[in-house]
Amino acid sequence: LFVTFDGFNTNPAGYISGQATGAVGFPPKACAIEMKHDILGEAKTTVTLKPGTVTAVLALPLLEKNPKPGEEPKIELTSHVIESPASTRGRPPVLTILHTTHMETMELKVAGQTCAVAPFKPESLTLGNVGEFAPVNLGDNRVATLNFTDPADQVLVFFLTDQGLLRQVSFSNQAY
């Protein structure tokens, strides 16, 4: 995936599936983001950056839900924006979860708390005292372990690989 941010190429080599660009600080403004993928095509979006808010733009392959009988489902590139307040020291960490799978509801247990997440509808969970490493379970299976060594809010995104395997990527929403 190749990404430009207001015309600036963020990584000329491109990004592989599940890879994050890393945090970039910008003043509040409207920004144009263009994403290009050799197979999935292009997606463009504009986001408005706001003070005190961490904005994440996710590039996602969107699989057609109901293809015509006998036809392969079409896959196109799309984007999803998650906004969350910047992490603040002294308050319990907040975890924002997004899943992009075809599960109607993803029932997760995070550090002992349950959370039901609908596709493409981020849910936030205040975690309290979770220790340094918080397990995330889907049923009886551990699907992630979150690192809270630095007490920052986090975003956790579940997606399916080309082979249909459940994967996740997480990142801190700490603003500097």
If one computes the Cα centroid of segment 34-48 and of segment 1-32, what distance in Å separates the two points?
11
Placed amide H near Ala86: partners under 5 Å, 5+ positions off or other chain:
Thr53, Val54
Per 10 angstrom bin, beginning at 0 and ending with the bin that holds the maximum distance, the Cα pairs of the chain fall in percents of 9, 35, 35, 18, 3, 0
Would you kindly calculate the translational diffusion coefficient of segment 27-79, applying Stokes-Einstein with the Kirkwood radius from alpha carbon pairs, for 20 °C and a viscosity of 1.002 mPa s, and quote it in µm² s⁻¹ without decimals?
164
Based on the alpha-carbon gyration tensor of segment 8-55 and its eigenvalue square roots a ≥ b ≥ c, which shape applies: rounded if a/c is under 1.5, prolate if not and a/b is larger than b/c, or oblate?
prolate
Kindly sort Phe26, Phe5, Phe148, Phe120 by accessible area of their heavy atoms, largest first, with the probe set to 1.4 Å.
Phe26, Phe120, Phe5, Phe148
Wrap a convex hull around the Cα atoms of segment 1-89, take a quarter of its surface area, and give that in square nanometres.
7.2
Show me the GluC sites (Glu not before Pro) within segment 1-79 that DSSP assigns to loop and that have at most 14 other Cβ atoms within 10 Å of their Cβ.
Glu64, Glu71
So if we plug the beta-carbon distance of Lys50 and Val169 into 1/(1 + (r/R0)^6) with R0 = 25 Å, what FRET efficiency do we get, rounded to 0.05?
0.60
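The values are calculated or read from the model by the stated rules, or taken from the named source; none is laboratory data. None of these values were measured; they are calculated from a predicted model. For neighbour counting, all protein chains shown are included, and Cβ atoms are generated from backbone atoms with ideal geometry for every residue, glycine included. Only protein heavy atoms, including side chains, enter the accessible area calculation; ligands, DNA and RNA are left aside. Shrake-Rupley method; radii C 1.70, N 1.55, O 1.52, S 1.80 Å.
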